[in-house]
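S.K.: Supplied in structure tokens, the structure appears directly below.
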Amino acid sequence: MARTYSPLSLVDTLVDYIATNIRFYSENIPLLPEDIQRKLLILFVEKGLLTDGNLIRIVGSNSRELRMQNCAYIRNSVLLIVSHRCPQLEVLDLSGCKQVNNRVVRAMLQSCPNLKTLRLDGCVRVTDSAFLPRPFQLAAAMTTLEVLSFSRCAQITEESLLCFAKGAPNIRILELSYCKHVSSTTVQTILQAFRHLEALDVSFCENVCDIAFVHCSDGLPSLKRLHLAKCRLTDAALFSLAAGCPNLEILSLRWCLNITDEGLTSVAAACPNLQVLELKNCGHISDVSLSALAQSCPHLSVLDLSWCKRVTDHGIQTLVASCRNLTSLDLSFCDIFSDVPTVNITASSIIHMAQNEPKIQSLSLDGLGSAVSDASLLALSRHCPDLIELGIFAPAALQPTTLSSLGRACERLQTLRIDASMHPNIDDLLSQMEEGFANLLSLSLKASHAGPLTDVGISAVARGCSSLTSLELFSADGVSDVAITDIARHCVHLKTLVLLESILTDVGIEAIASSCKMLEHLELVRCHSVTEASATALVTFAKRLHSVRFKNCENFVLSEDSLRALKDAAVEVLP
């Protein structure tokens, strides 16, 4: 099948040209049509080109949206100016802007009375003081708010949320994941105050337990999306949800260790519109739940069963026979270290799924050696041409040519994870990636010390996967500057690079920094030949770098001067 090419529109071509040559046109930005300015802002943010000056020139009295994800280098003084220049603002997204403080948030709320969406995810300096005291000063903006997100804002407490519960009755979407002060009482108040709530995310709020949902049985027909990962829930909470939330479409119960088939079957029976269900590491879930889903949830499209060790071939085959709309299935590590000897997902389930689920786009078989074989991968090649994401554990008997067949057949494949730690010749396997994987964007490779990744295989990957934006190499004992330089030469769009135990030196890092202009994150673990000179190269060449991690690299010692240079370049040094 021939690859299709979608040319840029004339407008997109113009915007891209202006962004690329902004030093010549910055003074003319205010003269551009509003639609061009909006697209230009989006492109600046995506490419890390937004500056204080460009932001001031783009926004104005007619601006309706301001999306500035991860623009941590824009000064708060500039954001204060923006707040006064954009009175018609309806959407404000400052996610990842760690510099944003209470004064900026309060100014935005006071100056933008039509605000409908406020996203402050990861704004770690924002506290309750942004909204308290004197919340009446913010009344206009709070009244119009429909979407509010405080994910990873660890300093936000119940006090602020109660303020919104009283003053923002129109909120439909509320995201509070990783907010450690959110409790069951907070959730109870939220569910009672926002009767039109459509989506709630309290994932990783470990103070939330069953009592938070005791009033759900009173009826929450508008609630469609609920994220409860790692909350301390039992079947009692699921019974309440089943009784009061019949229109649930998305339910995340990842790491809810105490739920069982009894609670989940009640949800399945009561929520026929369920489309997305995440059950990662819910160890009590078995084929009983899968049979209930097959019987009651025909619209199910995304199912995460990773680490559910009681799931077997029978459950999977029952599910795929009835749920014909599955596009994503995660079976990672379902039969690893299980204490139930009958648990086993084999290649027959994957073949059966490929034949019955031609719409499948994402399939995770990480850690399932028995499910991956030449026959199961060839079945995916024949029946699943729309596959976009695939994770596999490559058994020792896997033929290298099977991988090339998969690449040629699944032309849309963008994300590939291969654990080849048991394969006897990983170089032969990777040599097949020189053809058929030109559209691959993300690649993660794991080997073993007995058969590590080497320059031969990684150089083949570099030549065949030139579109890569993310590359992770684990057990890269045989990967030197030779292969890393090939990566720098061929994979110029790379944004993320992770290397574990590579023998590369500062030469390889400088090659990556100078050639991969889009690099945002670099992580090196136990790469003992790398020195402080790598940090200097990154500051000099990698202008869009957001974060770095040098862990257990024996010869890498970061001086005060290098640390200051990285900080001045707005690069976060991760522990």
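The values are calculated or read from the model by the stated rules, or taken from the named source; none is laboratory data. None of the values given here were measured: they were computed from a predicted structure. All Cβ positions, glycine included, derive from the backbone under ideal geometry; neighbour counts span all protein chains shown. Only protein heavy atoms, including side chains, enter the accessible area calculation; ligands, DNA and RNA are left aside. Shrake-Rupley method; radii C 1.70, N 1.55, O 1.52, S 1.80 Å.
S.K.: With labels modelled as points extended 7 Å from the Cα through the Cβ direction, what inter-label distance (nm, one decimal) is found for LYS551 paired with ILE211?
M.R.: With each label point 7 Å from Cα toward Cβ, the separation is 3.7 nm.
S.K.: Residues of segment 179-321: accessible area per residue at 1.4 Å, in Å²?
M.R.: 36 Å²
S.K.: Further question on the same structure: Within straight cross-link reach of LYS567, meaning Cα distance under 30 Å, which lysines are found once same-chain residues fewer than 8 apart are removed?
M.R.: List returned: LYS39, LYS47, LYS98, LYS180, LYS495, LYS517, LYS543, LYS551.
S.K.: Here is a further query. Please identify the trypsin sites (Lys or Arg not before Pro) of segment 483-535 that satisfy two criteria: DSSP loop assignment and at most 16 other Cβ atoms within 10 Å. Which are they?
M.R.: Those satisfying the criteria are LYS517, ARG526.
S.K.: Divide, for segment 414-479, the radius of gyration over alpha carbons by 2.2 N^0.38 Å, where N is the residue count.
M.R.: It is 0.99.
S.K.: Here's a follow-up. Please report the net charge: other residues with Cβ closer than 15 Å to the Cβ of VAL214, K and R +1, D and E -1.
M.R.: -2
S.K.: With both bridge residues required to lie in segment 182-269, what share of the DSSP beta bridges run antiparallel, to the nearest 5%?
M.R.: 0 percent
S.K.: Sort segment 127-207 into rounded, prolate or oblate with this rule: let a ≥ b ≥ c be the square roots of the eigenvalues of the Cα gyration tensor; rounded if a/c is under 1.5, and if a/c is not under 1.5, prolate when a/b is larger than b/c, oblate otherwise.
M.R.: Taking the square roots of the gyration eigenvalues as a ≥ b ≥ c, segment 127-207 is oblate.
S.K.: In addition: Averaged per residue, what accessible area in Å² does segment 328-424 show with a 1.4 Å probe, protein chains only? Intermediate results must be reported in sequence, preceding the final value.
M.R.: Working: 3570 Å² over 97 residues.
That works out to 37 Å² for each residue.
S.K.: Would you please classify the overall shape of segment 361-482 from the alpha carbon gyration tensor, given that a ≥ b ≥ c denote the square roots of the eigenvalues, rounded means a/c under 1.5, and beyond that prolate means a/b larger than b/c while oblate covers the rest?
M.R.: Oblate.
S.K.: Along its principal axes, what span do the Cα atoms of segment 88-224 show, with the longest given first and each in whole Å?
M.R.: Result for segment 88-224: principal-axis Cα extents of 40, 26, 25 Å.
S.K.: Express in Å², to the nearest 10, the accessible area of ASP313 obtained by rolling a 1.4 Å probe over the protein heavy atoms while all chains stay in place.
M.R.: Per-residue accessible area (ASP313): approximately 30 Å².
S.K.: When all protein chains stay in place, what accessible area (Å², nearest 10, 1.4 Å probe) is found for ILE56?
M.R.: Rounded to the nearest 10, the figure is 40 Å².
S.K.: Could I ask something else about it? Per the helix-only calculation at 222 nm, which mean residue ellipticity applies to the chain, given -39500 (n - 2.57) for every DSSP H run of n ≥ 4 and division by its residues, nearest 500 deg cm²/dmol?
M.R.: -10500 deg cm²/dmol
S.K.: Sticking with this structure for a sec: Take the Cα gyration tensor of the chain, multiply each eigenvalue by 5, square-root it, and list the three semi-axes largest first, rounded to whole angstrom.
M.R.: Value: 38, 36, 22 Å, ordered largest first.
S.K.: Along the charge dipole of the chain, pointing to its positive end and built from +1/-1 on Cβ of Lys, Arg, Asp and Glu, which listed residue (VAL288, GLY167, LEU329) has its Cα farthest out?
M.R.: GLY167
S.K.: For segment 182-306, take the convex hull of the Cα atoms, compute a quarter of its surface area, and give me that in nm², please.
M.R.: Orientation-averaged projected area of the Cα hull: 6.1 nm².
S.K.: In addition: Taking the Cα centre as origin and putting +1 on Lys and Arg beta-carbons and -1 on Asp and Glu beta-carbons, what dipole magnitude results for segment 421-575, to the nearest 20 debye? It would help to have the intermediate numbers written out before the result.
M.R.: On the way: 12 positive and 20 negative charges, 98 e Å.
Dipole of segment 421-575, to the nearest 20 debye: 480 debye.
S.K.: Out of the total accessible area of the chain (probe 1.4 Å, heavy atoms of protein only), what percent is carbon and sulfur?
M.R.: That fraction is 53 percent.
S.K.: Could I ask something else about it? Dimensions of segment 351-410 along principal axes (Cα, Å, largest first)?
M.R.: Computed over the Cα atoms, the extents are 29, 21, 18 Å.
S.K.: What does the accessible area per residue of segment 516-572 come to in Å², with a 1.4 Å probe and no ligands, DNA or RNA counted?
M.R.: Result: 51 Å² per residue.
S.K.: Charges only on Cβ, +1 for Lys and Arg, -1 for Asp and Glu: so what's the dipole of the chain about the Cα centre, in debye to the nearest 20?
M.R.: 1780 debye
S.K.: If you take the square roots of the eigenvalues of the alpha-carbon gyration tensor of segment 475-575 and sort them as a ≥ b ≥ c, do you get rounded (a/c under 1.5), prolate (a/b over b/c) or oblate?
M.R.: oblate
S.K.: Accessible surface of SER529 in the full protein assembly, 1.4 angstrom probe, to the nearest 10 Å²?
M.R.: 60 Å²
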